[in-house]
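Data first, discussion second: the structure below is written as structure tokens.
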Amino acid sequence: MSKTTFTENLEDNQLIAVREFNAPIEKVWKAWSDPDIMCQWWAPQPYICKIDHMDFREGGYWIYNMIGPEGDEHRGRMDFVKMKELEMFEAEDYFCDENGEKAGDIPPMQLEVTFEASGGTTTITSTTTFASPEAFKQMAEMGAAEGWELAMNQLEELLK
Amino acid sequence: MEQRRDIFQAIADPTRREILTTLVDQPKNLNALADQFSISRQGVSLHVKVLEECDIISISKEGRERYCHIKPEKLLEIIEWLEPFKQLWRDRFDQLDDLLKNIK
């Protein structure tokens, strides 16, 4: 099975993840553009993902809701600032409330995802750029699959 | 106000990041370091002082020279901070991989 490889670019506060998938690029692209498929893989277990709004095109946005085992809800929003079909997109990713307004004190992250086809396989490169080393650290602390719930509770406290 | 000195403060400034990048290659004495930057010698010294206070570099005296050494174990601390975030992407991509196998 293929593995995800990482590169840290500390000077630019970037984390780059690369993974090759044994599927044609059209299918991989659809896994991002089709909300029904997207929500099946985006949330880390045991969270489930629901799509509030999805407009996967340049200038469009996506609001996703991660729902925890206890019914706790945590929304994120991605604004798609640039997109080339079957090639790449760039988005701004941040926590939001149910109206899609920015929430919490963590600055938005920039996400760039590129898709590259090669003989029936597709390589995805996701580059996350954090606003600052502090934001980097905050997200690193929060993004933990293990520490997810704890981090989310902390976020809840922040949002009160 | 008490200032927090930690690794993230050390790398918060672009000049300090550049100094660290330079020191990753090899230890340098203060003068050689200062020559590399367009800011004043004093400015470089101040940044070096902050880096030393953040405990990410050490300074040793050799004769009249003062050499700056990086502490690689401290840099590793940052890499470890990233681990949870990596795990998130690993989980996502694993789930995507499974899904792609199952959808026609």
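The mean count of C-beta atoms from other chains within 10 Å of the C-beta of residues in A:131-137, rounded to a whole number, is 5. For B:LYS74, a cut-off of 27 angstrom between C-alpha atoms picks up these lysines, skipping any fewer than 8 places away in its own chain: A:LYS137, B:LYS28, B:LYS49, B:LYS61, B:LYS86. Share of pairwise Cα-Cα distances greater than 36 Å in the protein assembly as shown is 26 percent (whole percent).
Read-outs: derived from the displayed coordinates by stated rules, not from any lab. Note that the coordinates shown come from a computational prediction; the quantities given were computed from them, not determined experimentally. Counting neighbours? That spans all protein chains shown, and the Cβs are built from the backbone with ideal geometry, glycine included.
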